[in-house]
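Accompanying notes for the structure given below.
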Amino acid sequence: MDPSQSQSPPQKRRLLPRTPSPFAAFRYPAFRLVWISSNFVALGIWAERLAVGWLVLEQTDSVLLSAATFAAGSAPSIIAAPVGGAVADRFPRNRLLPITALIMAVLILLITLVALNGFSNPWPIFVLIAIHGVVNSFDMPAKQGLITDIVPRESRMNAISVHSVGTRSVSAIGALASGIIAEFFGVPTALLAAAGSILIGGVVVLFVPTVRTTVRQTSASMKRIFVDAVIGIRTMIRIPTVSTLLWMAIVVEIFGFAYDSVMPAMARDELNVAESGLGTLRFAAGIGAVAGAIALSFLGDFSRKGPLLLGIAVGYGIGLMGVAASPNLITALLLVTMVGAAASMFDAMEWTLLQANVPNRLRGRVIGGWVFAIGFGWVGHLAMGAVGDAFGVRWAIGGAGLIVAAASLIALAISPVLRRA
């Protein structure tokens, strides 16, 4: 029996099919608490990303080093994510999330100290961001697994989409606010605000009730956790739909999502705007992400998820090529909005399809597998930074968009499992 069924409101028989409610998941009180917590955490994380990227660009004047801050955050996931997914499947997820929030806030405070003292070498920041990436490898599987614990199966796509609407909305606000605060009050002030927001999110999730059937053997040894991680990896490899989805996530992460790491240079050097301008670009991406997530929430339990996922990826690549060719800030804002919509829809579809194709006991580990896959994004961050330094950021973003669109069309043509998903 699905544990979330015990929290479902009484169902009445209907003669006609019910039109999906875009906010059906809010009927569940535990989901509302997770949603609020996630929003505060996302607000802080995106405020930190903007502030750190701009800080390193200003201190080093290097597109590559600025992009490397994103790489440092994603690379550790390759090792940590399988373990993080196994931990999320064995321990109470609502008790892991306050711990990850506390550690992330402390790390941001340490980055703030580095920023206040100034630096000639960015390696201390890279180390702190790498630790942050390890923590995120535990946070994401626990959060996504908790969402699917507390809502019934038929509402999970809606819950994931609504959750994405919230986090993408506040991400936009966090990026905009961080840019404004950094420009007028300094980067350290923006980082302090980010840490405070994440701490609030950690406190809110403490009030989420434990779903009894998700409590694992908390006395398990580390050896048992590593065994669980290996079992999860083997299972995911053996399920064709899951392994194909993870390969698709790797490609899009490397050549698509990595564009964000060179946006500080695009804003400063090509569009001639300062921190608040970069914040506005990130805000536009967030608004697009909200629109995309809302569109998905209206689809309900849409049956042709695989082709939709690939169509979204094609649109994502085309949008990136448009951003690269943008002659001014207004055009860039419109196209970044499109890119943001595609990004949020792609992620939500990946989460939904991955969790729908594994047993309930592996939901945390399959999201850990997704975090592992996107951990390869560091390759894209460094590559785009290097291309940006050598040939310009427009070539870096445009080339990445072309690869994403082409790879998605090829996958649609040759992958029967995605066409059927």
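The values are calculated or read from the model by the stated rules, or taken from the named source; none is laboratory data. Everything numeric in this text was worked out from a predicted model, so none of it was measured. Note: ideal-geometry Cβ built from the backbone for every residue, glycine included; neighbour counts use all protein chains shown. Note: accessible area is taken over every heavy atom of the protein model, side chains too, but ligands, DNA and RNA are not part of it. Shrake-Rupley method; radii C 1.70, N 1.55, O 1.52, S 1.80 Å.
Observations on the model:
- His163 accessible area, assembled protein chains, probe 1.4 Å, Å²: 10 Å²
- The residues of the chain expose, per residue, 40 Å² of accessible area to a 1.4 Å probe.
- Portion, in percent, of the accessible area of the chain that falls on carbon or sulfur, probe 1.4 Å: 70 percent
- ³J(HN,Hα), Karplus 6.51/-1.76/1.60, whole Hz, each residue of region 158-165, x for Gly, Pro: 5, 5, 5, 5, 5, 4, 5, 4
- Evaluating 6.51 cos²θ - 1.76 cosθ + 1.60 at θ = phi - 60° for every residue in region 282-290, the Karplus couplings come out as 5, 4, 4, 4, x, 4, x, 4, 4 Hz, glycine and proline recorded as x.
- Working from label points 7 Å from Cα in the Cα-to-Cβ sense, the Leu109 to Val127 distance is 1.9 nm.
- GNM top mover of Gly44, Gly292, Gly277 - the chain, alpha-carbon springs below 10 Å: Gly277
- Dimensionless Rg ratio for region 316-421, taking C-alpha atoms and the 2.2 N^0.38 Å reference: 1.25
- Area accessible to solvent at Trp351, 1.4 Å probe radius, in Å²: 20 Å²
- Helix content alone sets the calculated 222 nm mean residue ellipticity of the chain: runs of n ≥ 4 DSSP H residues at -39500 (n - 2.57) each, divided across all residues, give -26000 deg cm²/dmol.
- Acute angle (nearest 10 degrees) that the helix 329-356 long axis makes with the longest principal axis of the chain, alpha-carbon atoms: 30 degrees
- Relative contact order [Cα under 8 Å, 6+ residues apart], the chain, whole percent: 29 percent
- Whole-Å semi-axes of the ellipsoid equivalent to the chain (Cα gyration tensor, √5λ, descending): 32, 25, 21
- Under a Gaussian network description of the chain, with springs only between Cα atoms under 10 Å, the residue in Phe126, Phe31, Phe207 that fluctuates furthest is Phe207.
- GNM result for the chain, Cα springs below 10 Å: residue of Gly375, Gly315, Gly133 fluctuating most strongly: Gly315
- Think of each Lys and Arg Cβ as +1 and each Asp and Glu Cβ as -1; about the Cα centre, that makes the dipole of the chain roughly 2140 debye.
- With K and R counted +1 and D and E -1, the other residues having a Cβ less than 10 Å from that of Ser178 yield a net charge of -1.
- Charge tally for Ala42 (other residues, Cβ to Cβ under 12 Å; Lys, Arg +1; Asp, Glu -1): +1.
- Summing +1 for each Lys or Arg and -1 for each Asp or Glu among the other residues whose beta-carbon sits under 15 angstrom from that of Leu310 gives +2.
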